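Everything on this sheet refers to the single structure shown next.
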Amino acid sequence: IESLANRYSGEAIIGAGTVLKKNEVTSVCNAGGRMIVSPNVNVDVIKETKKLKMISYPGGFTATECFGAIDSGSDGIKLFPAFLMGVDGFKALRAVLPPGLSTYAVGGVEPSDFAAWLASGITGFGIGNYLYKVGDTVSSVGKKAKKIVSAYDDASNEIT
């Protein structure tokens, strides 16, 4: 994180995912990270993140979890695992979430799904396993990354 923050902090928001504890938030901050993504709604993690003036994206799935995160100060919600909720489930949830709340579909979302998710009001995506699997080469990850960006651009243009 420190190397990435030193090199790219002017171009990208650097942070950490799967953050589960307050002390991990502090470590990320001390390394120059500015964003915390968690798989769950941990109020202590959210509050520590905001205390350190960092961006908070906890993982939520239900309205109760999402509103708990919002009430604790999160900047948005990582909908996880998104493939279980699906676009129709998200549309129902989106109807009760605050307008303008950043929402990211994470977990089982692939480039072929982007257009439907964007049309439903999702802000963006977190892509993990689709992009990288153990043993992938730099070249293969690069090709997948280009495919992801192209699919996102195409889907964005499709809904505007």
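The values are calculated or read from the model by the stated rules, or taken from the named source; none is laboratory data. In this text, all values refer to a predicted model and were calculated from it rather than measured experimentally. Every residue, glycine as well, gets a Cβ built from its backbone with ideal geometry; the counts of neighbours run over all protein chains shown. When the accessible area is computed, the model is the full protein with side chains, heavy atoms only, and any ligands, DNA or RNA have been set aside. Shrake-Rupley method; radii C 1.70, N 1.55, O 1.52, S 1.80 Å.
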Can you give the relative contact order of segment 8-77 as a percent, counting alpha carbon pairs under 8 Å and 6+ residues apart? 28
Going through K47/K91; K47/K143; K91/K146; K78/K133; K53/K144; K51/K78 one by one, the pairs whose alpha carbons sit over 31 Å apart turn out to be K47/K143; K53/K144
Straight-line reach only, C-alpha to C-alpha below 15 angstrom: list the aspartates and glutamates that K147 could link to, leaving out same-chain residues fewer than 8 apart. E110, D113
Taking the alpha-carbon centre of each part, the distance from segment 136-160 to segment 16-79 in Å is 27
7 Å from Cα along Cα→Cβ at both I159 and K143: what's the point-to-point distance in nm? 2.9
Relative contact order for the chain: what percent, with Cα pairs under 8 Å and sequence separation of 6 or more? 14
Amide H partners (placed H, <5 Å) of I55, local residues excluded: M35, I36
Normalised by the residues of segment 87-132, what does the relative contact order come to in percent, with Cα pairs under 8 Å and at least six apart? 46
Helical segments meeting 30 Å axial Cα length and Kyte-Doolittle -1.0 threshold in the chain (DSSP H): 138-159
Using a 1.4 angstrom probe on the protein heavy atoms only, could you order R7, R94, R34 from most to least accessible area? R7, R34, R94
Fraction of beta bridges assigned by DSSP in the chain that are antiparallel (%, nearest 5): 0
Calculate the spin-label point distance for D136 paired with E11, positioning each point 7 Å from the Cα along the beta-carbon direction, and give it in nanometres. 1.9
Could you rank V41, V149 by how accessible they are, 1.4 Å probe, largest area first? V149, V41
For every helix of n ≥ 4 consecutive DSSP H residues, a contribution of -39,500 (n - 2.57) applies; sum these over the chain, divide by its total residues, and give [θ] at 222 nm rounded to the nearest 500 deg cm²/dmol. -14000 deg cm²/dmol
